[in-house]
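The values are calculated or read from the model by the stated rules, or taken from the named source; none is laboratory data. In this text, all values refer to a predicted model and were calculated from it rather than measured experimentally. Because the Cβ atoms are built from the backbone with ideal geometry, glycine has one as well, and the counts that use them run over all protein chains shown. All accessible areas refer to the heavy atoms of the entire protein, side chains included, with ligands and DNA or RNA removed. Shrake-Rupley method; radii C 1.70, N 1.55, O 1.52, S 1.80 Å.
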Amino acid sequence: DFSPETLTESVHGSLKRLRRDTIDLLWLHGPHATELTDDVLHALESLARECKVAAFCVAARDYSALYWMPDGICAALMAPANP
């Protein structure tokens with residue numbers, strides 16, 4: 001579930017369990033391009049502004065998801081290995 005609410009809750013839950021202020025690297029595993037909406041982007045930008053996440057990465061199911069990430073927000077991209 002890549003909804004903004006779930007992403008935000010997941011990050012806050014991880015921070016609490018890890019007893020940390022910041023997650024160094026948050027991988028989004030397997031989002032489809034249709035799940036990567038402007039609302040998701042705003043949630044990620046908000047987490048970065050609040051210093052809750054230092055960097056984001058995407059391991060995509062298809063190449064269209066890779067093109068969604070705006071310049072500068074993503075530290076790494078993993079393209080699909082198989083067609």
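A few remarks follow.
- Residues of segment 23-48 that turn out to be surrounded by 14 or more Cβ atoms within 10 Å (Cβ to Cβ) and assigned to a loop (DSSP other than H, G, I, E, B), as a count: 4
- Residue pairs meeting the criteria (Cβ under 6 Å; at least 6 apart or on separate chains; first free of Cβ contacts under 8 Å to residues at least 40 places away in the same chain, in segment 8-27; second assigned to a loop (DSSP other than H, G, I, E, B)): THR22/CYS51; THR22/ALA54; ASP24/ALA54
- Unmet criterion (only one of (1) at pLDDT below 95; (2) at positive phi; (3) open to solvent by 20 Å² or more (accessible area, probe 1.4 Å)) for ARG19: (1)
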